[in-house]
């Protein structure tokens, strides 16, 4: 009972025979052993992913006629297991949560499997499932609806793990009753989802697409201690987006790159079939997909993921980092590192911690762990006091004969670099095109992604501007989304300025760290040799 089944499958052409064989053997040994059934049920209560892997099924009608099975064992991928743990812990803690998802990553199946698992493993659980439209929740025998999925999932469970649910009697329209555990799953639709009811947990499917989200918020306000919103994105003008960017509730991001069935070839096929806005919104989880003025389009970002495996980009040269320090409690501290042209690491931690010294110490430790030469830090805002802690840490390290790190301030509000030089691709001087160094740095970063996109697509490009983002980093998907968040705005002077948090979105802290890491004074990526001019930095 582990993730072994997921690891042994080849997800492009999965072979389920060994898994089905193990299920048959396990079922035979349990069928006449009530004590073992009870012990396993107790175990599954805190290991719901194992319950789904051991007994669950899923169905994909697109496989009919292709030679692939349409009815398959439900083997959760690693990210799906993470989501189950996320959902379970928020249910136990009685917390609301928000899950942002790409299309077609199995979250609808996962949601109903989680709901059924709660009902068959625990007594007295009442689950609510709601959406804007009836055809999403329950529509006759349609297996694509949420209740269609739930009935199919229950049908293929062993009889002793069905919680006493007789599908012929206990699963009418938008209802499922589990008689042995006295648990229920009840569906609801429209604006009055959950009004007047009391639920242990309420799952709102496609919450970003509710027609009147504020009315639904009011309807559910006293219904449950654990509301779970799950949705693809739909711009910023809805309460789902507000919650995700508020920093007030736990959030989970399920990106298409977390799906082992999908790869760059799959994404390239998407680009041939759909327009960039649709792809950015439905698959890249970009809340601002339809907004004009995005500095780095999502397609450019995705082209850079593992570009060093597709292009002549060597993972060699300077090893350096940048630290973006949180200004507000909902922001995060972000630390981004590179090895030459390859972005190798990105980690983030809570911005609620007010001790800048702890943040500085952590950055030093990461430099030691990853053998980095040092880091930039944001000297505006929350990072203004880092220098004093830097001096104390450097003195301590010198006494213990630890290597000295190069720690340099970066002031985004400062003057542009090489103000008299022409801005790239224009006849306008830097000082006349950009309001400050931040705008110039974001423009410089955008050109790197643009030329990488050119290179990946066989177009003329500047090889000095290539960039690759390693898919091995922890914060890959969040970084990719944040990189396409900032937008261009034009001042009354005609100069460009960066709007990092349009429409109340969160600060793109990870992307800011990457922007600092590759700001214009780096030249051809040789930061180790640069001697900084403190006058312009100040």
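The values are calculated or read from the model by the stated rules, or taken from the named source; none is laboratory data. Note that the structure is a prediction, hence the values are computed from the model and not measured. Cβ: placed from backbone, ideal geometry, glycine included. Neighbour counts: every protein chain shown.
Here is a yes/no grid of residues against (1) buried (at least 19 other Cβ atoms within 10 Å of the Cβ); (2) out of contact with any strand residue (DSSP E or B) (no Cβ under 6 Å at 6 or more places or on another chain); (3) assigned to a strand (DSSP E or B); (4) modelled with pLDDT of 90 or more:
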site	(1), (2), (3), (4)
330	no, yes, no, no
336	yes, no, yes, yes
353	no, yes, no, no
361	no, yes, no, yes
372	yes, no, no, yes
Taking the stretch 232-270 and keeping residues under 26 Å from residue 75 (Cα atoms), free of Cβ contacts under 8 Å to residues at least 40 places away in the same chain and outside any helix (DSSP H, G or I) leaves 262, 263
Restricting the stretch 277-292 to residues that are over 13 Å from the mean Cα position of the chain (by Cα) and under 10 Å from residue 484 (Cα atoms), the one modelled with the lowest pLDDT turns out to be 289
Scanning the stretch 91-107 for residues that are surrounded by fewer than 20 Cβ atoms within 10 Å (Cβ to Cβ) and closer than 23 Å to residue 183 by Cα gives 92, 93, 94, 95, 96
Exactly one of 217, 229, 188 is within 27 Å of the chain's Cα centre (by Cα) and in a strand (DSSP E or B), and that one is 229
The lone condition residue 208 fails out of (1) in contact (Cβ under 8 Å) with a residue 60 or more places away in the chain; (2) part of a helix (DSSP H, G or I); (3) in contact with a strand residue (DSSP E or B) (Cβ under 7 Å, 6 or more places away or on another chain); (4) closer than 30 Å to residue 482 by Cβ is (1)
Those residues of the stretch 297-322 which are at pLDDT 95 or above and assigned to a loop (DSSP other than H, G, I, E, B) amount to 306
When you scan the stretch 360-375, do you find a residue that is more than 24 Å from residue 470 (Cβ to Cβ) and touching a residue at least 24 places away in the same chain (Cβ under 8 Å), even just one? yes
Scanning the stretch 149-166 for residues that are more than 36 Å from the chain's Cα centre (by Cα) and without any contact (Cβ under 8 Å) to a residue 40 or more places away in the chain, the one surrounded by the fewest Cβ atoms within 10 Å (Cβ to Cβ) turns out to be 159
Checklist line | residue 108 being modelled with pLDDT under 90 and closer than 28 Å to residue 277 by Cβ | finding: no
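Yes/no per residue for (1) assigned to a loop (DSSP other than H, G, I, E, B); (2) in contact with a helix residue (DSSP H, G or I) (Cβ under 7 Å, 6 or more places away or on another chain); (3) modelled with pLDDT of 90 or more:
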residue: 398; (1), (2), (3): no, no, yes
residue: 407; (1), (2), (3): no, yes, yes
residue: 419; (1), (2), (3): yes, yes, yes
residue: 426; (1), (2), (3): yes, yes, no
residue: 431; (1), (2), (3): no, no, yes
Scanning the stretch 135-148 for residues that are surrounded by fewer than 18 Cβ atoms within 10 Å (Cβ to Cβ) and part of a loop (DSSP other than H, G, I, E, B), the one nearest to the chain's Cα centre (by Cα) turns out to be 144
Across the stretch 1-19, the tally of residues that are exposed (fewer than 13 other Cβ atoms within 10 Å of the Cβ) and either modelled with pLDDT of 95 or more or within 25 Å of residue 107 (Cβ to Cβ) (or both) stands at 8
If we ask which residues in the stretch 460-491 are part of a loop (DSSP other than H, G, I, E, B) and closer than 21 Å to residue 277 by Cβ, their number turns out to be 3
Before we move on, is residue 229 over 30 Å from residue 11 (Cα atoms), in the same structural domain as residue 113 (by TED's automatic domain parsing) and in contact with a helix residue (DSSP H, G or I) (Cβ under 6 Å, 6 or more places away or on another chain)? no
